[in-house]
Amino acid sequence: MSESTPNPGPQGGPQAAGGPSLIVLAQYLKDLSFENPRAPASFAQPGQPQTPQIDVDVNVNARGIAQNRYEVELTVSARAKQAGEVAFVVEAAYAGAFEITNMTQEQMELIMLVECPRILFPFLRQIVADATRNGNFPPLMLEPIDFYGVYEQNRARAMAQTNAAQPAHA
């Protein structure tokens, strides 16, 4: 007979010890849209298909849903054009519900804007790839995103704007 022990927390101690904690409560697809406005003409083009120009926009939104519980939503919008015409548009929103405890405000911001999106991204990436493949296009494999780098760029931009808005003292 085997013995069962409680799952230790991230620091090796029990969760009740009061250390920082991030728990994924749920992950879910909130919205998915795929448009192929030129079908079936887009598939009947003679000659070699052109590599489409693809514009991708990714956003992260976070909000509180209960005490110590937060929803982080990762959205992507991709538009592909071939020969100046829209080949396809795919938009998806994938979210997770997280329980986050015993973190400072700065840690909370980092967790919700960096760590949670990092957890969600591979799932959203697969959904987008499947949607484009199911639309009879090559799967759109989104490039990995450095969420921490984006976070740091946004922080630096916000600090520069704050400093520029403050009057200089003589």
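The values are calculated or read from the model by the stated rules, or taken from the named source; none is laboratory data. On a predicted model such as this, the values are computed, not experimentally measured, just so you know. Cβ coordinates were reconstructed from backbone atoms using ideal geometry, including for glycine residues, and neighbour counts include every protein chain displayed. Surface areas here come from the heavy atoms of the whole protein model, side chains and all, with no ligands, DNA or RNA. Shrake-Rupley method; radii C 1.70, N 1.55, O 1.52, S 1.80 Å.
Overview of values
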{"quantity": "Selection count where residues are of a type in the set (A, V, I, L, M, F, W, C) and in a strand (DSSP E or B), scope the stretch 77-118", "calculated": "13"}
{"quantity": "Flag if L22 is within 29 Å of the chain's Cα centre (by Cα), open to solvent by 60 Å² or more (accessible area, probe 1.4 Å) and either over 15 Å from A80 (Cα atoms) or at pLDDT 95 or above (or both)", "calculated": "no"}
{"quantity": "Number of positions in the stretch 132-155 that are among the aliphatic types (A, V, I, L, M) and over 17 Å from L32 (Cα atoms)", "calculated": "2"}
{"quantity": "Flag if R118 is among the basic types (K, R) and modelled with pLDDT under 95", "calculated": "no"}
{"quantity": "Residues satisfying the stated conditions in the stretch 117-136, i.e. without any contact (Cβ under 8 Å) to a residue 60 or more places away in the chain and open to solvent by less than 40 Å² (accessible area, probe 1.4 Å)", "calculated": "P117, F121, L124, V128, A129"}
{"quantity": "Conditions (1) surrounded by 11 or more Cβ atoms within 10 Å (Cβ to Cβ); (2) at pLDDT below 95; (3) more than 25 Å from L142 (Cβ to Cβ); number of the one not met by G47", "calculated": "(1)"}
{"quantity": "In the stretch 137-170, the residues that are of a type in the set (F, W, Y) and either open to solvent by 40 Å² or more (accessible area, probe 1.4 Å) or free of Cβ contacts under 8 Å to residues at least 40 places away in the same chain (or both)", "calculated": "Y148"}
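Here is a yes/no grid of residues against (1) open to solvent by less than 50 Å² (accessible area, probe 1.4 Å); (2) at pLDDT 95 or above:
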residue: T51; (1), (2): no, no
residue: N59; (1), (2): no, yes
residue: V72; (1), (2): yes, yes
residue: T75; (1), (2): yes, yes
residue: Q82; (1), (2): yes, no
residue: A87; (1), (2): yes, no
residue: Y94; (1), (2): yes, yes
residue: Q107; (1), (2): no, no
residue: I111; (1), (2): yes, yes
